[in-house]
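Step one of this worksheet: look at the structure below.
Bear in mind that the values in this text are calculations on the coordinates, not laboratory data. Values in this document were obtained by computation on a predicted structure and should not be read as measured data. Positions of Cβ are generated from backbone atoms using ideal geometry, with glycine treated the same way; all protein chains shown enter the neighbour counts.
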Number of protein chains: 2
Amino acid sequence: MIKVRPAILCGGSGERLWPLSRQSKPKPFHALLSERTIFEDTLLRCRGAGEGVSFADPLIVAGEAIETPVRRGLASAGIGAAAAVFEPVGRNTAPAAALAALLAQKADGSEALVLLVSSDHHIAPVEKFRETVAAAAPLATDGKIVVFGILPTRPETGYGYIRKGAPVGEGFAVAAFEEKPDAAKAAAYLEAGDRFWNAGIFLFRADTLLAELGRYEPEVLNAVQAALGADNRIDADAFALSPSIPLDIAVMERTKHAAVMPARFHWSDVGTWSSLADALDADAQGNVLSGDVIALETAGSYLRGEDVTVTAIGVENLVVVATRDAVFLAPRDRAHEVKRILAAAKDRKRDDLL
Amino acid sequence: MIKVRPAILCGGSGERLWPLSRQSKPKPFHALLSERTIFEDTLLRCRGAGEGVSFADPLIVAGEAIETPVRRGLASAGIGAAAAVFEPVGRNTAPAAALAALLAQKADGSEALVLLVSSDHHIAPVEKFRETVAAAAPLATDGKIVVFGILPTRPETGYGYIRKGAPVGEGFAVAAFEEKPDAAKAAAYLEAGDRFWNAGIFLFRADTLLAELGRYEPEVLNAVQAALGADNRIDADAFALSPSIPLDIAVMERTKHAAVMPARFHWSDVGTWSSLADALDADAQGNVLSGDVIALETAGSYLRGEDVTVTAIGVENLVVVATRDAVFLAPRDRAHEVKRILAAAKDRKRDDLL
């Protein structure tokens, strides 16, 4: 049984799930896919043992602004974190991964095995998730930084891709990390069959990650080491000295130790209202109705009322999301453009809406 | 200068303007067409003098459930009612008209000239309204019950029609009252050019109205006379004995003294969200935006946020009305079907939504 230390990153704001997702209560802290919040589902997925993996209590790396929902989520899931650190300022995922590695070493020693996961992804079933972790563990133990790869199911232009190289253990070496493609490239990638989506899930030994970070982005490592106190508080000034940089760019695109493990589970980043609707079961009319909804002669739509009753007659292929203070509606295939609404709100100094 | 006693009926619930219009605060008590509520606009239209008419302080006949918004509206408009009576139970317009006539007689004597108007219509401009009242006054003084007729502008199937007879004064005798027609009949009526819409606005001498009501529906008159106390309180048991019947059926369709006066003003009953949108000026994209709205690439739509921000991208020809606790959306040409939502809410025991 391999002991794995989960480290859960609570970072992104989930702006494209506005008006539900807000700065003070972003996407992972809403019950979008089940009766539990995505954060709670994530916590519960990374606990217990099975399929050759035993999860230790999680580490949490989160933004300072969301400490309250994080602590509530832990309590609600009945999980005690091994450690929770709150970044006074966001510096993207490379410093967050370094924090996770340092915290894991405190708990488990230098060669602690860290599973770095996002707090806001949809993953199922949990057995297949554990299987994938177990398959990746020998590679990580052997000094690889393993990224989980999702087999593409459509020519998606919104994700980075990983081109696989030669087989290594149950996975593959990484031939290349590839940026978000245009539509033609995305179609070619899908056709070629040798790419994975980069889901931002990593398994590595803490010492491996820190060594590679020290090699390629020493400023990040130095800042994080200086900022992390013995009490796990983060010194704001020291932390702010870290470059803001994703782990992919800081380490994964440069290291010679990258490997990719094909995911055996279903995955969605639940990035937009339409992808969320796609991830849920529709009724006979093709509707996904969530919360308090009365819909007559309505088809192909996602309607969600959060403390508000949403009612509709005769609409099709719409996304409608209503909260106490804001309503958003758009055709289903344009729901991702919600960021333009947020930009307009900022222009109008409507910070209350963000 | 003819002295006219306005009597304002606050009855209908305005269900088709849900979710804004509610049982506890129906349509006339919302600012739908101007900065003031429709009730306040109605009060202000029926005050002062001009065009040969002098309005006395109004009489109010309203349902018990809306006493609070009525009193607030009077205060807000700065108008003291000559008398305000509140019906413990709704019995349609014939008993309400009788109450108005009895109250007018208390104030002005037996032959008081009563202008019976609804509290929830859009009428403009006020000068043309007064002109029409002045033109009708000699007929009413002469013992006619004058109904104001609106010249049809479309083959409307939602209103009753009045066929005009021989000219009488500046108006016409009534050849017939005609029920809401089907589409073919409505088109024929429009073509014929001899019909008016029945707008439910009446001018009459109090004694004329009471005599005709006593002739054709004595039970109504008896119940109302028994119910109305010296202090203008209405005895619930006595009032409940009145048949529930509209003035049109109780008197107008039967009396030999009906006349119709063509209205010189613009009129709308603001019955539905789409008729409301039609009554307001649209922007260059054909949108009518009311309250707090952010709309991008949106056309031909009515969007209203009441204490809620409504945001939309890329929608067309929709009605969207949002309040703190409910949102309604429908294609503009189906917005009148909102009553089906209310029926569904009743089925679900959701009285909080009514």
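Taking the Cα atoms of the range B:221-354, report the difference between the largest and smallest coordinate on each principal axis, in whole Å and largest first.
60, 43, 29
With label points built 7 Å along Cα→Cβ from the Cα atoms of A:E170 and A:T141, find their separation and express it in nm.
Distance between the two pseudo-spin positions: 1.2 nm.
Over the Cα atoms, compute the radius of gyration (one decimal) and Dmax (the largest Cα-Cα distance, rounded to a whole number) for the protein assembly as shown, in Å.
Expressed in Å, the Cα Rg and Dmax of the protein assembly as shown come to 35.0, 107.
What are the label-to-label distances in nm, one decimal and shortest first, from A:T68 to the same spot in the other copies, with labels 7 Å along Cα to Cβ?
3.0
If you add up the charges near B:I234, with Lys and Arg at +1 and Asp and Glu at -1, over every other residue whose beta carbon is less than 13 angstrom from its beta carbon, what do you get?
-4
Mind putting a number on the dipole of chain B about its Cα centre? Charges go on the C-beta only, +1 for Lys and Arg and -1 for Asp and Glu, and I need it in Debye to the nearest 20.
260
Report the net charge of residues surrounding A:A81, where surrounding means a beta-carbon distance below 10 angstrom and charges are Lys +1, Arg +1, Asp -1, Glu -1.
0
With the dipole of chain A worked out from charges on the C-beta (+1 for Lys and Arg, -1 for Asp and Glu) around the Cα centre, which of A:G271, A:L213, A:G48 lies farthest toward the positive end?
A:L213
According to a simple spin-label model (label point 7 Å from Cα along Cα-to-Cβ), what is the distance in nm between B:K185 and A:E191?
Placing both labels 7 Å along Cα→Cβ, they lie 6.6 nm apart.
Which length gain, in nm to one decimal place, applies between A:S54 and A:L151 when the Cα-Cα distance is subtracted from 0.36 nm times their residue separation?
32.4 nm
Distances in nm, one decimal, shortest first, from A:A344 to the same residue in every other copy, taking the label point 7 angstrom along Cα→Cβ.
2.6
Between copies, how far does the label point of A:E179 sit from its twins, in nm, shortest first, when each point is 7 Å from Cα along Cα→Cβ?
Ordered by distance, the counterparts are at 7.2 nm.
Which semi-axes, in whole Å and largest first, does the equivalent ellipsoid of the range B:2-268 have when worked out from the alpha carbon gyration tensor as the square roots of 5 times its eigenvalues?
Over the Cα atoms of the range B:2-268, the ellipsoid semi-axes are 26, 22, 19 Å.
Round to the nearest 0.05 the FRET efficiency obtained for B:L354 and A:R215 when R0 = 60 Å and r is the Cβ-Cβ distance.
0.30
Under a Cβ-only charge scheme (Lys and Arg +1, Asp and Glu -1), can you give me the dipole magnitude of the range B:273-353 about the Cα centre, in debye to the nearest 20?
Values: 10 positive and 14 negative charges, 101 e Å.
That gives a dipole near 480 debye.
Let me know the charge dipole size of the protein assembly as shown about its Cα centre in debye, to the nearest 20, where only the beta-carbon of Lys, Arg (+1) and Asp, Glu (-1) is charged.
Its charge dipole is roughly 40 debye.
Could you tell me which of B:G305, B:A62, B:A284 has its Cα farthest along the dipole of chain B towards the positive end, charges placed at Cβ (Lys, Arg +1; Asp, Glu -1), taken about the Cα centre?
Farthest towards the positive end: B:A62.
Excluding B:A65 itself, what net charge comes from residues whose Cβ is under 12 Å from its Cβ, given Lys and Arg +1 and Asp and Glu -1? Don't skip to the answer; put the middle values down first.
Working: positive: B:R22, B:K25; negative: B:E64, B:E67, B:E87.
Here the count lands on -1.
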